[in-house]
Amino acid sequence: MTEVLETVNLTVIGKIRTTHNEISNMPIQSVGADMQNGTAELYPKYAEGLLDVDGFSHVILLYYFHRQNGYKLKVKPFMDTIEHGVFATRSPKRPASIGMSIVRVLKIEDNKIYFEGADMLDETPLIDIKPFFRSFDNRPDAISGWLEGKDEKEIKKIRSDDRFK
């Protein structure tokens, strides 16, 4: 019989620095944070892993929602007025508290990635960095569930409130 894992240990590889100190009034997605810059600062022992990342215009940052307490299996997301299952949203109130943002790489210096698209809190623990592959990560035939028909331009204007504190 195979043992089922219910918890895992993740390694924090650094921290993300942004100007966002409070959850309220932050961009809800990195696409809505065009002029919001940040820095992904890796711990020095992981800096060598940034080799060749400068050839990518975008990366995917995976991080831990360090200021979330608990989770909800049904949430009312910023883009709707009704509840949805948490796994049908990008709410930070998740059982595993893992977030992701696709950000534009501005430059890399030593152990730091300077980026545009900061939609996370200052000092957020960084778990991983993945390169964004245009041909792998864009899916023109994708269906966006309850978000279908929502005005995509509105995403850039919506800011968070305190519903996920």
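Each value in this text was obtained by applying a stated rule to the coordinates, not by laboratory testing. Computed from a predicted structure; not experimentally measured. Using ideal geometry, Cβ is built from the backbone for each residue, glycine included, and neighbour counts are taken over all protein chains shown.
Couplings for segment 45-53, taken from phi via the Karplus curve 6.51 cos²θ - 1.76 cosθ + 1.60 with θ = phi - 60°, read 5, 9, 4, 4, x, 7, 3, 6, 5 Hz in order; Gly and Pro are left as x. Cβ-to-Cβ counts within 10 Å put Leu51, Leu10 in ascending order as Leu51, Leu10, the fewest first.
Once both labels are positioned 7 Å from their Cα atoms along Cα-to-Cβ, the gap between Val4 and Glu123 label points is 3.7 nm.
Between Thr11, Thr39, Gln68, the Cα set farthest toward the positive side of the dipole of the chain (charges on each charged residue's Cβ, about the Cα centre) is that of Gln68. Each residue, Thr19 and Met100, gets one label point 7 Å from its Cα in the Cβ direction; the gap between the two is 2.8 nm. Beyond a 31 Å Cα-Cα separation, which of these cross-linked pairs lie in this structure: Lys15/Lys74; Lys74/Lys130; Lys72/Lys112; Lys76/Lys130? Those over the limit are Lys72/Lys112. Just to verify a number: FRET efficiency for Glu148 and Glu83, C-beta to C-beta distance, R0 = 25 Å, to 0.05? Efficiency computed from Cβ-Cβ geometry: 0.90.
How would you classify segment 68-122 from its alpha-carbon gyration tensor, with a ≥ b ≥ c the square roots of the eigenvalues: rounded for a/c under 1.5, else prolate if a/b is greater than b/c, otherwise oblate? In terms of gyration-tensor shape, prolate. About its Cα centre, the chain has a charge dipole of approximately 420 debye under the convention of +1 per Lys or Arg Cβ and -1 per Asp or Glu Cβ, with nothing else charged. If you run the Gaussian network model on the chain, springs between alpha carbon atoms under 10 Å, then out of Met100, Met35, Met120 the most flexible one is Met35.
Here are labelled values, [x] 16.5, 52; [y] 26.0, 100; [z] 32.4, 112, and one is the computed Rg and Dmax of the Cα atoms in Å for what I pasted. Which one? Checking each listed value against the structure points to [x].
Rounded to the nearest 0.05, what FRET efficiency do Arg90 and Asp110 have when you use their Cβ-Cβ distance and R0 = 30 Å?
The calculated FRET efficiency here is 0.45.
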